Amino acid sequence: MSYARFKRGESDVYIIANVSGYFTCYENPIFECETAAEMIEHILEHVARGNLVPARTLTQLREDDTPAFDEYMKSIRDNGWDERIARPGHE
Ligand SMILES: [Zn+2]
């Protein structure tokens with residue numbers, strides 16, 4: 001699932017939650033973290049540097065900043081991704 005994709009004039013960041021159970025920000029070097037809260041902190045650093053980040057990116061990450069979503073991502077890291085398990089808040 002992507003939270004933001006590169007788009008000129010709209011987004012300088014490309015951020016996803018990947019099937020290995022990590023949040024990823026594509027840049028050099030790639031930034032990865034385990035929780036939406038950590039990715040929100042990371043994005044705010046982009047904003048502070050003047051990078052464009054779509055408003056909905058932070059909105060979606062804040063919606064996923066829940067214990068249930070943290071547990072969901074941890075289960076993917078521990079057990080692998082299973083499409084039969086719904087994303088919390090995204091059923
Ligand atoms: Zn980044």
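Can you tell me which residue in region 19-36 is farthest from the ligand (Cβ to nearest atom), limited to those that are touching a helix residue (DSSP H, G or I) at 6+ places or on another chain (Cβ under 8 Å) and aliphatic (A, V, I, L, M)?
Looking at the filtered set, the residue picked out is V19.
Inside region 37-76, can you point out the residues that are outside any helix (DSSP H, G or I) and either within 15 Å of the ligand (Cβ to nearest atom) or exposed (fewer than 12 other Cβ atoms within 10 Å of the Cβ) (or both)?
Listed by number, the residues that qualify are R49, G50, N51, L52, V53, P54.
Rundown of residues vs (1) touching a residue at least 24 places away in the same chain (Cβ under 8 Å); (2) touching an Asp or Glu at 6+ places or on another chain (Cβ under 6 Å), yes/no style:
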residue: M1; (1), (2): yes, no
residue: R8; (1), (2): no, no
residue: S11; (1), (2): yes, no
residue: T35; (1), (2): yes, yes
residue: E38; (1), (2): no, no
residue: L44; (1), (2): no, no
residue: V47; (1), (2): no, no
residue: T59; (1), (2): no, no
residue: Y72; (1), (2): no, no
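Going through region 2-46 one residue at a time, which ones are of a type in the set (A, V, I, L, M, F, W, C), closer than 24 Å to R84 by Cα and more than 8 Å from the chain's Cα centre (by Cα)?
Across region 2-46, the qualifying residues are V19, C33.
Collect the residues in region 1-29 that are out of contact with any Pro (no Cβ under 6 Å at 6 or more places or on another chain) and either outside any loop (DSSP other than H, G, I, E, B) or polar (S, T, N, Q) (or both), keeping them in residue-number order.
Selection gives S2, Y3, K7, I15, I16, A17, N18, S20, F23, T24, C25, N28.
FYI, it's all coordinate maths here, none of it is from the lab. In this text the structure is predicted, and so the values were computed from the model without any measurement. Neighbour counts are summed over all protein chains in view; Cβ atoms, including those assigned to glycine, are modelled from backbone coordinates with ideal geometry.
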